[in-house]
Amino acid sequence: MSFTNTPPQISIPIKGQDATFLVHQIYCVGRNYRKHMAEMGYKNTKQVPFVLFLKPPAAVVLNNQEVSIPKFTENFQHEVELVIVIGKEGKNITVKNALDFVYGYSVGIDLTCRDLQANAKMKGRPWTLAKSLQNSAPISDITRVENCGHLSEGKIQLRVNNTNRQKSNLKDMIRNVAEIISEISAYYTLYPGDLIFTGTPEGVGKLEKGDNIFAEIEGLQPLTISIS
Ligand code: MN
């Protein structure tokens with residue numbers, strides 16, 4: 001088969017491999033840590049709806065790269081998140097089988113225009129312009145499951161200019177890795193190349209031009225991003 005066009009191919013380095021990981025789809029879970037829900041003003045943190053949105057592959061920003069603050073936001077914020085990297089096709093995956101579909105894990109940042117998101121929430125509009133922007137998903141090199149195991153606990157943290165902003169533990173996730181994979185696959189067929197951002201802990205905050213971000217999760221390749 002031949003094609004008339006060549007859209008950009010987005011790929012992520014894999015620790016210890018020459019070949020890189022081609023990105024297909026980027027799923028993002030919202031409201032997955034109770035203390036973050038509380039800081040966002042949600043009163044009921046007992047019954048948590050499954051909140052899902054998408055980012056385009058062009059959202060990917062690799063380690064040690066720079067992100068410019070979009071001109072149309074006054075409040076560009078960081079959200080550090082565990083990223084699940086999917087390595088196998090599946091639909092209606094059970095929680096019991098879900099971990100078989102994981103290729104590896106990364107550290108990601110869900111960059112968010114908080115002012116646009118608040119406006120969208122108030123007006124009942126989609127979050128697309130607040131969340132699904134190009135260059136809104138910095139991600140570290142992938143660590144394969146063989147090298148890190150499956151992650152159900154471990155420190156997750158983010159520093160800006162060496163000051164702690166976010167510090168939590170993966171065990172505080174409301175839905176764990178297997179539950180998230182199972183739930184998304186009830187709606188979508190997952191493919192090798194899909195990434196799943198799993199929600200952020202408390203401590204999200206505003207970024208300024210010149211900031212340097214360092215994000216890490218125990219056992220994974222860390223992520224360094226500068227803001228311009
Ligand atoms: Mn997020």
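So which of LYS121, LYS71 is assigned to a loop (DSSP other than H, G, I, E, B) and without any contact (Cβ under 8 Å) to a residue 40 or more places away in the chain?
Exactly one residue qualifies, and that residue is LYS71.
No other residue among ILE196, ILE180 is part of a helix (DSSP H, G or I), within 16 Å of the chain's Cα centre (by Cα), touching a residue at least 12 places away in the same chain (Cβ under 8 Å) and under 24 Å from ALA59 (Cα atoms) apart from ILE180. Restricting attention to the range 183-209, the residues that are more than 15 Å from the ligand (Cβ to nearest atom) and open to solvent by less than 50 Å² (accessible area, probe 1.4 Å) add up to 5.
Checking each residue in the range 1-18 for being under 22 Å from LEU82 (Cα atoms) and open to solvent by 20 Å² or more (accessible area, probe 1.4 Å) picks out ILE10, SER11, PRO13, LYS15, GLY16, GLN17.
Starting from residues that are among the β-branched types (Val, Ile, Thr) and surrounded by fewer than 17 Cβ atoms within 10 Å (Cβ to Cβ), keep the ones in the range 95-144 and report whichever is nearest to the ligand (Cβ to nearest atom). By that ranking, first place goes to THR128. When the test is whether a residue is among the basic types (Lys, Arg), within 16 Å of the ligand (Cβ to nearest atom) and at pLDDT 95 or above, LYS55 passes it.
Residue by residue through the range 199-219, note down the ones that are within 14 Å of the chain's Cα centre (by Cα) and either at pLDDT below 95 or closer than 14 Å to PRO138 by Cβ (or both). Passing the criteria: THR200, ALA215, GLU216, ILE217.
The values are calculated or read from the model by the stated rules, or taken from the named source; none is laboratory data. Please read all numbers here as calculations on a predicted model, not as lab measurements. Cβ sites come from the backbone with ideal geometry, for glycine too, and all protein chains shown count toward neighbours. Heads up: the accessible areas ignore ligands, DNA and RNA and are worked out on the full protein's heavy atoms, side chains in. Shrake-Rupley method; radii C 1.70, N 1.55, O 1.52, S 1.80 Å.
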